[in-house]
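Data block below; observations after.
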Amino acid sequence: MNSIVFTHTFRFIILALLQVLVLSHINFLGYINPYLYILFILLYPLKNNRVIFILVSFLLGLTIDTFLDSGGVHAAASVTIAFIRPFILKFSFGAVYDHQTMKFGNVEFGSKLTYIAILTLIHHFILFSLEFFNFYKIILILQNTLFSSIFTIILCLLTTIIFSRRN
């Protein structure tokens, strides 16, 4: 039990520090940033308490907001994807998720890509919608959502592939 808590605490801290210190300063082409910290929410164990999971997701988003001075948009987007995660898991993985026998390293690539892509797109759309908070900037919101999502999805997939092979 203590090793599991240590692993998740370590992942939380590393992803938050990586996001705040490195990834948030990329600004590729002036507006594209990867948000790799959502990988913590995506890879959080299935069988853990859902209330604690949503609370930890809120704390992760709040940590990012605190360091980036972004006013709660990361916390709102993180809580949203943490809340809808079971529905997206069921949609992406089907019967494997229903029987609670799923391990992210053992699922097929297409299902993993679908899961990561849907949650990333939802996270980024909420994030940029709240950041701009103006209906007249919908094109800019969609543009930032699409391009930042592509960058984030690629980084999430590469990270999961690299660290699953090591194990």
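The values are calculated or read from the model by the stated rules, or taken from the named source; none is laboratory data. Model, not experiment: these values are computed from the prediction. Cβ atoms come from the backbone with ideal geometry, glycine included; neighbour counts cover every protein chain shown.
Do we have I88 as of a type outside the set (S, T, N, Q), surrounded by 17 or more Cβ atoms within 10 Å (Cβ to Cβ), over 12 Å from the mean Cα position of the chain (by Cα) and at pLDDT below 95 here? Answer is yes for this residue.
From the residues in the range 22-40 that are more than 14 Å from the chain's Cα centre (by Cα) and either under 15 Å from G61 (Cα atoms) or assigned to a loop (DSSP other than H, G, I, E, B) (or both), which one is modelled with the highest pLDDT?
V22
Going through the range 1-21 one residue at a time, which ones are more than 14 Å from L155 (Cα to Cα), at pLDDT 85 or above and not aliphatic (A, V, I, L, M)? Across the range 1-21, the qualifying residues are T9, F10, R11, F12.
Here's a check for you: in the range 1-52, which residue that is β-branched (V, I, T) and touching a residue at least 24 places away in the same chain (Cβ under 8 Å) is surrounded by the fewest Cβ atoms within 10 Å (Cβ to Cβ)? Of everything passing the filter in the range 1-52, I4 is surrounded by the fewest Cβ atoms within 10 Å (Cβ to Cβ). Here F40, F58, F91, F87 are screened, and the one residue that is farther than 20 Å from I118 by Cβ and of a type in the set (A, V, I, L, M, F, W, C) is F58. Checking the structure you have, find out if any residue of the range 124-144 is hydroxyl-bearing (S, T, Y), closer than 21 Å to R85 by Cα, in contact with a strand residue (DSSP E or B) (Cβ under 7 Å, 6 or more places away or on another chain) and surrounded by 15 or more Cβ atoms within 10 Å (Cβ to Cβ). Taking every residue of the range 124-144 in turn, none turns out to be hydroxyl-bearing (S, T, Y), closer than 21 Å to R85 by Cα, in contact with a strand residue (DSSP E or B) (Cβ under 7 Å, 6 or more places away or on another chain) and surrounded by 15 or more Cβ atoms within 10 Å (Cβ to Cβ).
Exactly one residue out of S111, S78 is among the polar types (S, T, N, Q), in a helix (DSSP H, G or I), surrounded by 15 or more Cβ atoms within 10 Å (Cβ to Cβ) and modelled with pLDDT of 95 or more: that is S78.
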